[in-house]
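The next block holds one structure in the form of structure tokens; read it before the comments.
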Amino acid sequence: MAEAPDRRIDVWRDGMRNAVLSLGTIGPPGAPRWPVALQATVVLVTPLLVGALAGRFELGLLASVGAFTVPYFSRLPRLERLRLRPIAGLVIVLSAVLGATLGPEPALGALGLIAVAAGVGIAVHGYRLGPPGPLFPIIVYGMSSHAVTGGVPPTTLVACVGGGCLFAVIVSIAPLVRRVHWTVTPRPLKVLLAPPEWDRGARELAVRTAIVAVAGTLLSVLWVDPDRAYWTVAAGAVVVGVMPGRGLAVNRGLHRTVGTIAGAGLYLLLSLLPMNPPLVALVLGSLQFITEIIITRHYALAVTAVTPLALILVTTSIGEFGTPAVVGERIVDTLVGAGIAVLTALVHPRAPRE
């Protein structure tokens, strides 16, 4: 029997009220996040400092994206994490290769963006790989496209990204000096990467990610700005998340929007500073650490930290740091991407009546 219109209105009103209330709620503490946060910060900051000392800070910025591999599989035991992290690094490097190769050609760049977002989304949801989902491959794809278009040789870009991902794997080995990590027998790869079961939730999330990839890219290409399509798709992909549900989509969409606006304001404040390389490294490292510490407890606060981090990385690498126009563009891209992602939540069935 069809649901009455008044009932549907009440459901949406309650969902929006809960989403707004969630902005004032800090989630309970879980497992300590500081080891992951510290590792991600080290992997991010070290290439920046090495690049600054070598007089090639722009290459350090490219290599610092190796830090994007650290959040993947972070809930697994150390030895299992070490087995899987090279796979995350390989995906990041392949995204850089595709971005550098296809990105400078508008039509091919758009198709490549759809392929990266949808393909990584299928892998993430099918294999239940968890957060951060397809976000970072999408960002690396777009950043690589911009860097090559701005004059960075493709081979140099891929070498820097690959070196950063390799450094992330090396840093992952360091904690294994503690004997406690060897008390857990790691599962073999054939178990860790068992064939997907493709339950209903996984199928719905993969479909939603594909819709976001196609719709976000087309809207950006046709009506917004083709060069910014990856920001729109990235915003939509993270709002889709890795858990099914309409309410979760509304919550994440609101948190993403509020966090992006606050983070864009923080970026404007940071742009007033005399950002020499050591200060950029300090700021980016601090933002990375804060993001990883708070991400599981309050999504909007985490987005507030990660937004200026991503903006500084991308704009500094192409020599556009501090450009005010980029702030408004990111807010528009986020609104479009998050809006598409929230609408795709209709793919999920309604929650049963209480």
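The values are calculated or read from the model by the stated rules, or taken from the named source; none is laboratory data. Note that the structure is a prediction, hence the values are computed from the model and not measured. All Cβ positions, even for glycine, are placed from backbone atoms using ideal geometry, and neighbour counts span all protein chains on display.
Tabulated results
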item: Residue in segment 253-273 that is over 14 Å from the mean Cα position of the chain (by Cα), farther than 19 Å from ALA305 by Cβ and free of Cβ contacts under 8 Å to residues at least 60 places away in the same chain present; result: no
item: First in segment 126-138 and under 12 Å from SER74 (Cα atoms), second anywhere and of a type in the set (Lys, Arg) and assigned to a loop (DSSP other than H, G, I, E, B), Cβ under 8 Å, 6 or more apart; result: GLY130/ARG75
item: Flag if VAL152 is hydrophobic (A, V, I, L, M, F, W, C), in a loop (DSSP other than H, G, I, E, B) and over 28 Å from ASP199 (Cβ atoms); result: yes
item: Residue match in segment 331-344 (condition: surrounded by fewer than 21 Cβ atoms within 10 Å (Cβ to Cβ), within 27 Å of ILE26 (Cβ to Cβ) and modelled with pLDDT under 85); result: yes
item: Qualifying residue in segment 315-325 (condition: surrounded by 20 or more Cβ atoms within 10 Å (Cβ to Cβ), part of a helix (DSSP H, G or I), modelled with pLDDT of 75 or more and not basic (Lys, Arg)); result: no
item: Hits in segment 36-63 - residues which are outside any helix (DSSP H, G or I) and more than 21 Å from ALA96 (Cβ to Cβ); result: GLY55
item: Residues of segment 164-182 classified as among the aliphatic types (A, V, I, L, M) and at pLDDT 85 or above, total; result: 5
item: Only listed residue being under 18 Å from the mean Cα position of the chain (by Cα) and among the aliphatic types (A, V, I, L, M), chosen from ILE170, ILE122; result: ILE122
item: Options GLY66, GLY60, GLY103, GLY99; residue that is of a type outside the set (Ser, Thr, Tyr) and either in contact with a Cys (Cβ under 6 Å, 6 or more places away or on another chain) or on the phi > 0 side of the Ramachandran plot (or both); result: GLY66
item: Failed criterion for ALA300 (all others in (1) of a type outside the set (Phe, Trp, Tyr); (2) within 21 Å of GLY142 (Cα to Cα); (3) modelled with pLDDT of 75 or more; (4) in contact with a Leu (Cβ under 7 Å, 6 or more places away or on another chain) hold); result: (2)
item: Selection status of GLY163, surrounded by fewer than 22 Cβ atoms within 10 Å (Cβ to Cβ) and either touching an Asp or Glu at 6+ places or on another chain (Cβ under 7 Å) or small (Gly, Ala, Ser) (or both); result: yes
item: Members of segment 230-245 found to be at pLDDT below 90, surrounded by 19 or more Cβ atoms within 10 Å (Cβ to Cβ) and either among the β-branched types (Val, Ile, Thr) or more than 13 Å from the chain's Cα centre (by Cα) (or both), listed by number; result: VAL238, VAL239, VAL240, VAL242, PRO244
item: Those residues of segment 291-300 which are in a helix (DSSP H, G or I) and surrounded by fewer than 21 Cβ atoms within 10 Å (Cβ to Cβ), in sequence order; result: ILE293
item: Candidate set from segment 253-277 (those that are touching a Leu at 6+ places or on another chain (Cβ under 8 Å), of a type in the set (A, V, I, L, M, F, W, C) and part of a helix (DSSP H, G or I)); member that is surrounded by the fewest Cβ atoms within 10 Å (Cβ to Cβ); result: VAL258
item: Some residue of segment 278-290 being in a helix (DSSP H, G or I), buried (at least 22 other Cβ atoms within 10 Å of the Cβ), under 15 Å from the mean Cα position of the chain (by Cα) and modelled with pLDDT under 85; result: no
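Quick grid of which residues meet (1) out of contact with any Pro (no Cβ under 7 Å at 6 or more places or on another chain); (2) part of a helix (DSSP H, G or I); (3) basic (Lys, Arg); (4) under 30 Å from THR315 (Cβ atoms):
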| position | (1), (2), (3), (4) |
| --- | --- |
| VAL91 | no, yes, no, yes |
| ALA117 | no, yes, no, yes |
| ALA168 | yes, yes, no, yes |
| ILE173 | yes, yes, no, no |
